[in-house]
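Working notes for the structure below.
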Amino acid sequence: MSDPLELLRARYGAAHVPGSASRYAPEAINPVLETLLAHRSVRGFRSDALPGGTLELLIAAAQSAPSSSNLQTFSVVSLEEPERKARVATLAADQNFIREAPLFLAWLVDLSRLQHIASAAGVTAEGLEYLDTFLMGAIDAALAAQNVVTAAESLGLGTVYVGALRNRPLEVARELGLPKSVFPLFGLAVGRPDEARPASVKPRLSQALVLHREQYGTTPIDSGIESYDALIAEFNRSQNLPPARWTERTLERVRTASALRGRDELREQLVVQGFELK
Ligand SMILES: Cc1cc2nc3c(=O)[nH]c(=O)nc-3n(C[C@H](O)[C@H](O)[C@H](O)COP(=O)(O)O)c2cc1C
């Protein structure tokens, strides 16, 4: 079992480990926490197929997540065929790890099942037309997918999410044969990490910036952000990446609508796919 302090140092940087170190006695850690704290996205996969039954086990973990009102408003399309995976990779910002990974999961908001049940019962399904119902499906899908991430990592596999699945969502919908009231939210590539291209734990903002006790805090955040910038620049350097600060990357990402790479049209695309978002 890993030393919890080491896991926390990797997550926050040695100078920003929250609370007194003595609270994190080695016996406080367990394999679940160890897996969670050691998470890192993997973008270099070996091509070997996953052991038989892995997909079904991962989906059982996904479906074990809580579900809003137990409506279970998500579905997932699993891709293993290299040609289809390659086409989806092209649609999702041409990220090569999608081609490499033996398994790619496309997570979907799926209101079509409830639509079907309502039609079969001859009743209206007005609730499905509202933004909140879409959000419910998106939250359910995210919770389910994150269970898959943790389950996969507990099996020694690696994963990376693919938000770029929303860059060209209508083309993705066509490729996956999605009916109306089903929309692609994000992807998840799953596979054995390639040891030759190892991934590292990426530090996060200090808890002082993220955790507010009782009410939202008014303490200035600038020095916390500055420390995090330095931490991320150092992390990038250690990964042989340009030593960009977090604020630089973040501002690039939010400065213009074009940085959304097509996702600025999401609302219209959702309407085309049958979501009214009232
Ligand atoms: C919803 C979502 C979408 C993401 N989309 C992408 C993506 O398209 N490409 C990519 O390389 N990483 C993607 N990521 C991974 C993030 O970049 C990564 O989680 C973040 O940098 C933190 O690194 P870590 O997961 O290694 O801790 C995505 C993560 C999430 C949660």
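List of remarks:
- Net +/- balance of residues flanking ALA15 in space, Cβ distance below 12 Å, scoring K and R +1, D and E -1: 0
- Selection from VAL172, SER68, PRO26, by position along the positive dipole direction of the chain (Cβ): VAL172
- With bins 5 Å wide beginning at 0, the percent of Cα pairs of the stretch 54-198 falling in each bin runs 2, 10, 19, 21, 19, 14, 8, 4, 2, 1, 0, 0.
- Summed side-chain charge close to GLN72 - residues other than GLN72 whose Cβ falls under 10 Å, Lys, Arg +1, Asp, Glu -1: -1
- Applying a length cut-off of 27 Å (Cα extent along the axis) and a mean Kyte-Doolittle floor of -0.5 to the DSSP H helices of the chain leaves 131-154.
- Global geometry of the chain, whether rounded, prolate or oblate, following the gyration tensor of its Cα atoms and the 1.5 cut on a/c: prolate
- Within the listed set ARG11, ARG249, ARG46, the Gaussian network model of the chain (springs between alpha-carbon atoms below 10 Å) gives the highest mean-square fluctuation for ARG249.
- Rg of the Cα atoms in the stretch 173-278, relative to 2.2 N^0.38 Å, amounts to 1.50.
- Local electrostatic count, LEU277, Cβ distance below 11 Å [Lys/Arg +1, Asp/Glu -1]: -2
- Loop-located GluC sites (Glu not before Pro) in the stretch 184-245 (DSSP state other than H, G, I, E, B) with a sparse environment of at most 12 neighbouring Cβ atoms within 10 Å: GLU195, GLU214.
- For the chain, modelled as a GNM whose springs connect Cα atoms under 10 angstrom apart, the maximal fluctuation among ILE59, ILE221, ILE98 occurs at ILE221.
- Counting only protein heavy atoms and using a 1.4 Å probe, the accessible area of SER2 comes to about 50 Å².
- Amide H contacts of LEU103: VAL190, each under 5 Å away and 5 or more positions distant or on a separate chain (H built 1.01 Å from N in the peptide plane; Pro and chain starts excluded).
- Most mobile of THR218, THR247, THR133 in a GNM of the chain (Cα contacts under 10 Å): THR218
The values are calculated or read from the model by the stated rules, or taken from the named source; none is laboratory data. Being a predicted model, the structure only gives us computed values, none of them experimental. No Cβ is skipped: glycine too gets one built from the backbone with ideal geometry, and neighbour counts run over all protein chains shown. Please note that ligands, DNA and RNA were not included when accessible areas were found on the heavy atoms of the full protein model with its side chains. Shrake-Rupley method; radii C 1.70, N 1.55, O 1.52, S 1.80 Å.
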